[in-house]
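A.B. asks: The following block contains the structure, expressed as structure tokens.
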Amino acid sequence: MPVNITAIKTSSDGIWQGDNPLDYAFPLLIIQTVLVLVVSRSLAFGFKPLRQPKVIAEIIGGILLGPSALGRNTSYLHRLFPEWSMPTLESVASIGLLFFLFLVGLELDLNSIRRSGKRAFSIAACGITLPFVCGIGVAIVLRKTVDGADKAGFGQFIVFMGVALSITAFPVLARILAELKLLTTRVGETAMAAAAFNDLAAWILLALAIALAGNGADGGDKKSPLVSVWVLLSGVAFVAFMMIVISPVMNRVAQRCSVENEAVDEVYICLTLAGVMVSGFITDFIGIHAIFGAFVFGLTIPKTGSFAERLIERIEDFVLGLLLPLYFASSGLKTDVTKISGGKAWGLLVLVIATACAGKILGTFVVAMMCRMPVRESITLGVLMNTKGLVELIVLNIGKEKKVLNDEIFAILVLMALFTTFITTPVVMAIYNPARGIASKTIRKLGDMSSHSKESNNVVNTLRVLACIHGPTNIPSIINLIESTRSTQKSLLKVFIMHLVELTERSSSIIMVQRARKNGFPFFNRFNRDEWYNRLAGAFQAYSQLGRVIVRSTTAISSLSTMHEDICHAAEEKRVTMIILPFHKHWRMEVDDENDKEAHEVLENAGHGWRGVNQRVLKNAPCSVAVLVDRGYGLGLKNLGSDGRVAQRICIVFFGGPDDREALELGKKMVEHPAVVVTVVRFVEQNELSGNNFVLRQSPGKSTEENYSFSIAKINRQKEQVLDENAMEEFRSKCGETVKYIEKGSGNVVEEVIALGESADYDLIVVGKGRFPSTMVAELAEREAEHAELGPIGDILTSSMGHKMASSVFVIQQHDVALTEDVPMYKVKVHDENVAEVSSGRHEISVANAV
């Protein structure tokens, strides 16, 4: 029974008054939205192991909710998605689509497109032309084969088919490249530049197709051909007006919304969002779809400064997370896969998919080869450019709305878009993996560097360090740490700064691409330039002029679960000796204006995910790793050195073992700096405690998060003690009187270490992680751990439980293949005569106080 849409009420009077909420527009919209979100998110979770973009899950979710699957149950379809509710659902979805296209325009930087060069332009041009020509051929076949396909005008039909086969989804491609860690490769950069050209051309062609479409069915006989000309001319005039008049206005708005003028930010953002809808209305008024206006308005927003970033932050989550899935649902409700029935229809589907893939991949491949790209890279580029996605769906929906595409052709093209996007990730993973060569003679630890310098006295050694940062708060401490290791003698310091950027579902491709540029300081010169660029680039530029420091920057854009792969790969590629990681917690001092300007400590926590990144790097790194726990290191240096300069006060805590010896090696470098004052605090075992022999035994049931882990590798303890003595002797002979030495007994180690941290006598305390522990450190094996990845001593100095630690901490783990397997352990007491017997197993460490 047909429903009078004008009689539908917005909300019900409630179930107690006999109203069924599903018979009213707003309650039904809520149920539809929740259902769409649950289905799409569940599918996205299922596809995550396959590394598929979220758009795949949303397209499939829409199809499942429609007449192809669940909708075959007519009672479900009439109850949850009745025909009268479609205008409401589509109107809300269209608002999401409008703002999404504004974001797409915001992400396309016309200046970067112009700078992309002839290669990207040639690849994009051929990548559009060949599939478009193939689309014309497919259109002719479909018109003769599919019933009702010839009702639309020939011109409109071939243009829509050509656009559908030639389009490349720029936002989806950016996400796939980031997932596959290809953004900063030559293939990734070329693909992004070509996709930007392609996207721009596709929207121009789509505007042409819409202008030609008119009434679509009946061959367009109901309108004069002059109407299409007027629509096109009006569209050109609109674009010219936006670029000549509105673009300078938006530049002024962006300047007013700089960091210094936050107070007026809200007004301009509201006006900009209103501008999106006004632009959409104008293009709809002209006769081109409303989304075209929103897209062009997005192009007028300047990409430099913070305004674009603020706009993205305000609307991206709401649009992409809530409204856009509704558009997929409305598309899915129009897609009826059952219309593709019989061998002929499925044969047409195969033909369309084969033509789309062959045209795009072949066209791109040929031009890439002509540009002298390797064969494997050329094929990969073709597969990447074959990515479809949401933009494809928009084209198809407009075609169906204009009655250019009937139900069967619409379903065929939706499945084509789904298939081509789905195969992109697995095919690229199978055929292309950027070369990850490993240098044969890489210095893996500071100790190797020292022995190497002894053998070649006249050669200038280069200390290569990879320093990772999360954000601006890490900059001062990293600068001061690097400065403290800058030798003034026969060594050169080469620092690679890596900005770690988490790849989340809301990461915009504009930000990802701009941060992934490799030259200069890519992530500093776009957003918050004053805060980032001047502080970091300026500081390191001064160091470089001293002739002893070389700085290079890069960025890692990855999900937290695979971020460690990027860090370890960079360490291999750059042949670094040490990786420096920022601790996931950061302490800073904040002045309270309301309480007599009294300073108090504020804790900032980056989150448990970043802690996991550090743990995985510590486990898999190809070189020594250090974690920097920052409590304001470098911000309050007031101590004067012997020459009157501000000096860094650094303490090295030595218990013994490979990690502590690596800390001593770092100390040797720091001593060479005239503005660094080094103190060595050595804890010495006391013989009177010789009755306390025990074994550390593996405890597989314990969590590595809450318990300290120690190496299960077999190491000769007596040999280790000799190495400790030799290392300390060599350190003292080299550094002489410039270093202060303090020896402490093995009484209450915890209290002694806490006293060091609370004393505020040192700006930085350097400790070893202690994976192969001395007796004193092994005694702490069963102590409750707050930050187990830092080892017992590092954890004590970092712990905030009841103590006011004042010093920053630098925890070092020496690279050693034999020590890579760490497990939690517990203590087992044994008698002196049984130590050797009990500790003979591989998963036990004997610890004896007397030697």
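A.B. asks: Taking the simple approach of a point 7 Å from Cα along Cα-to-Cβ for both Ile550 and Trp346, what is their distance in nm?
C.D. replies: The two pseudo-label positions are separated by 6.1 nm.
A.B. asks: How much area per residue is accessible in segment 1-155 when the probe is 1.4 Å and only protein heavy atoms are counted (Å²)?
C.D. replies: Heavy-atom SASA per residue in segment 1-155 reads 52 Å².
A.B. asks: Now for a different question. Which value results for Rg/Rh of segment 251-357 when Rg is the Cα radius of gyration and Rh the Kirkwood radius based on the inverse mean 1/r?
C.D. replies: 1.18
A.B. asks: Now, a different point. Please compute the net charge surrounding Gly105, taking Lys and Arg as +1 and Asp and Glu as -1 over other residues with Cβ under 13 Å from its Cβ. If you can, show how the numbers build up before the last one.
C.D. replies: On the way: positive: Lys303; negative: Glu107, Asp109, Asp199.
Net of charged neighbours comes to -2.
A.B. asks: What pairs from Lys144/Lys344; Lys668/Lys769; Lys118/Lys494; Lys494/Lys668; Lys668/Lys744 go past 23 Å between their alpha carbons?
C.D. replies: Checking Cα-Cα distances, Lys118/Lys494 exceed 23 Å.
A.B. asks: Follow-up. Tell me the GluC sites (Glu not before Pro) within segment 710-783 that lie in a loop according to DSSP and have at most 16 other beta-carbon atoms within 10 Å.
C.D. replies: Working: sites: Glu720, Glu725, Glu729, Glu730, Glu737, Glu743, Glu751, Glu752, Glu758, Glu779, Glu782; in loops: Glu779, Glu782.
Hits after loop and neighbour filter: Glu782.
A.B. asks: Oh, and also: For Leu362 and Val34 in one chain, what is 0.36 nm times their gap in residues minus the Cα-Cα distance, to one decimal in nm? Intermediate results must be reported in sequence, preceding the final value.
C.D. replies: On the way: separation 328, 0.36 × 328 = 118.08 nm, distance 4.22 nm.
Length gained, Leu362 through Val34: 113.9 nm.
A.B. asks: If contacts are Cα pairs under 8 angstrom and at least 6 residues apart, what is the relative contact order of segment 2-90 in percent?
C.D. replies: 26
A.B. asks: Please turn the phi angles of segment 468-476 into ³J(HN,Hα) values with the Karplus equation 6.51 cos²θ - 1.76 cosθ + 1.60 (θ = phi - 60°), one per residue in order, whole Hz, x for glycine and proline.
C.D. replies: Along segment 468-476, the couplings run 9, 9, 8, x, x, 5, 7, 5, x Hz.
A.B. asks: Evaluate the distance, in nm, between pseudo-label points positioned 7 Å from the Cα of Asn433 and of Ser733 along their respective Cα→Cβ axes.
C.D. replies: 4.7
A.B. asks: For segment 64-135 and segment 162-199, what is the separation of their C-alpha centers, rounded to whole Å?
C.D. replies: 16
A.B. asks: Oh, and also: Taking N as the number of residues in segment 315-449, what is its alpha-carbon radius of gyration divided by 2.2 N^0.38 Å? Don't jump to the answer; show the numbers that get you there.
C.D. replies: Numbers: Rg = 21.2 Å, N = 135, 2.2 N^0.38 = 14.2 Å.
Dividing the Cα radius of gyration by 2.2 N^0.38 Å gives 1.49.
A.B. asks: If you build the Cα gyration tensor of segment 38-171 and take the root of 5 times each eigenvalue, what three semi-axes come out, in whole angstrom, biggest first?
C.D. replies: Semi-axes, largest first: 32, 25, 16 Å.
A.B. asks: Tell me, what ³J(HN,Hα) does each residue in segment 725-731 have, in order and in whole Hz, if you take phi through Karplus 6.51 cos²θ - 1.76 cosθ + 1.60 with θ = phi - 60° and put x for Gly and Pro?
C.D. replies: Residue by residue, segment 725-731 yields 4, 5, 4, 5, 5, 5, 4 Hz.
A.B. asks: Let me ask something else. Between Gln255 and Val236, what length comes free when the chain is fully extended (0.36 nm per residue of separation minus the Cα-Cα distance, one decimal in nm)?
C.D. replies: 4.1 nm
A.B. asks: Sticking with this one: Pull out the extension gain between Arg372 and Tyr741, defined as 0.36 nm times the separation in residues minus the alpha carbon to alpha carbon distance; nm, one decimal. Intermediate values should be presented prior to the final figure.
C.D. replies: Working: separation 369, 0.36 × 369 = 132.84 nm, distance 6.23 nm.
Result: 126.6 nm gained on full extension.
A.B. asks: Roughly what percent of Cα-Cα pairs across segment 339-391 reach past 12 Å?
C.D. replies: More than 12 Å apart: 67 percent of the Cα pairs in segment 339-391.
A.B. asks: Starting from the Cα of Glu706, step 7 Å along the direction of its Cβ; do the same at Lys144; then give the gap between the two resulting points in nm.
C.D. replies: 7.3
The values are calculated or read from the model by the stated rules, or taken from the named source; none is laboratory data. Note that this is a predicted model, so its numbers are computed, not measured. Positions of Cβ are generated from backbone atoms using ideal geometry, with glycine treated the same way; all protein chains shown enter the neighbour counts. Please note that ligands, DNA and RNA were not included when accessible areas were found on the heavy atoms of the full protein model with its side chains. Shrake-Rupley method; radii C 1.70, N 1.55, O 1.52, S 1.80 Å.
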